[in-house]
Amino acid sequence: MFGKSVWRAAAFGTLVAAAMGAGTAMPAQAREVIPFGDPMVAPGSVVISISQRRLYLVNGDGTAIRYPVAVGRPGKQWLGATQIDGKYVAPAWSPPAEVKRDNPRLPNLIAGGSPRNPMGAAAMTLAGGQYAIHGTNRPSSVGTFASYGCVRMYNQDVVDLYDRVTVGTQVYMTR
């Protein structure tokens with residue numbers, strides 16, 4: 001379950017700064033524009049490659065913005081197409097049943113903006129499941145197989161992506 005934070009433009013910068021906290025610095029040049037020539041993927045779509053641990057935001061000019069991400073652990077990965085169905089700044093987080101079963105000490109709810117909140121600065125929920133593309137309070141996990149199926153990004157990168165996509169954006173998870 002994700003908190004239904006209401007986005008208020010005036011508070012956006014403050015919430016993001018608080019959610020990013022200290023120690024979450026992004027390595028220089030983490031995201032980059034690269035050639036992307038798949039004519040089957042419409043501009044504005046998001047493509048996530050599990051094997052590469054990269055997320056691509058497809059531009060309309062034969063390029064894409066490439067972001068490093070953490071993806072699902074083996075056995076926790078999914079493939080397919082979905083859409084972004086919600087956008088939230090500094091969302092609260094309730095661990096899904098599977099996560100709670102594996103980590104019974106987790107509280108039932110972690111407030112948005114808390115340094116303990118694994119959702120980070122922002123989240124975009126995905127239709128059809130309990131998954132999201134979100135920031136992280138563990139930047140060292142980016143580039144690994146770390147989640148229960150969500151896609152983790154550096155907080156700076158999730159804020160950048162958040163500003164570029166809308167509810168309804170097509171998302172593809174591939175090997």
Checklist entry - Which residues, taken from the stretch 98-117, are free of Cβ contacts under 8 Å to residues at least 40 places away in the same chain and touching a strand residue (DSSP E or B) at 6+ places or on another chain (Cβ under 8 Å)? => result LEU109, ILE110, ARG116
Item to check | Positions within the stretch 84-111 being out of contact with any helix residue (DSSP H, G or I) (no Cβ under 6 Å at 6 or more places or on another chain), among the aliphatic types (A, V, I, L, M), in a loop (DSSP other than H, G, I, E, B) and under 22 Å from THR166 (Cα atoms), in sequence order | outcome: ALA92
Checklist entry - When both residues are 6+ apart or on different chains and their Cβ atoms are under 6 Å apart, which pairs have a first residue that lies in the stretch 29-48 and is more than 17 Å from LEU161 (Cβ to Cβ), and a second that is assigned to a loop (DSSP other than H, G, I, E, B)? => result GLY37/GLY62
Checklist entry - When the stretch 126-142 is examined, which residues are found to be surrounded by 18 or more Cβ atoms within 10 Å (Cβ to Cβ) and more than 18 Å from ALA30 (Cβ to Cβ)? => result LEU126, TYR131, ALA132
Checklist entry - Among (1) part of a strand (DSSP E or B); (2) surrounded by 15 or more Cβ atoms within 10 Å (Cβ to Cβ); (3) of a type outside the set (D, E, K, R), where does ALA81 come up short? => result (2)
Next on the checklist: over 18 Å from VAL71 (Cβ atoms), at pLDDT 95 or above and buried (at least 18 other Cβ atoms within 10 Å of the Cβ): which single residue out of ALA111, ALA90 fits that description?
Outcome noted: ALA90
Item to check | Residues of the stretch 143-160 classified as under 27 Å from GLY75 (Cα atoms), aliphatic (A, V, I, L, M) and surrounded by fewer than 24 Cβ atoms within 10 Å (Cβ to Cβ), total | outcome: 1
Item to check | So VAL41, is it at pLDDT 95 or above, in a strand (DSSP E or B) and on the phi < 0 side of the Ramachandran plot | outcome: no
Item to check | Scope the stretch 161-171; condition of a type outside the set (S, T, N, Q) and surrounded by fewer than 18 Cβ atoms within 10 Å (Cβ to Cβ); matching residues | outcome: ASP163, ARG164, VAL167, GLY168
Next on the checklist: For a quick check of your reading: which strands (runs of 3 or more DSSP E) sit entirely within the stretch 114-175 and have at least 1 residues that are at pLDDT 95 or above and closer than 14 Å to ARG54 by Cα?
Outcome noted: 132-134, 145-147, 170-174
Checklist outcome for this item: Among (1) modelled with pLDDT under 95; (2) out of contact with any helix residue (DSSP H, G or I) (no Cβ under 8 Å at 6 or more places or on another chain), ARG31 falls short only on (2)
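The values are calculated or read from the model by the stated rules, or taken from the named source; none is laboratory data. These numbers come from a predicted model, not from an experiment. Glycine also receives a Cβ, built like all others from the backbone with ideal geometry; neighbour counts cover every protein chain displayed.
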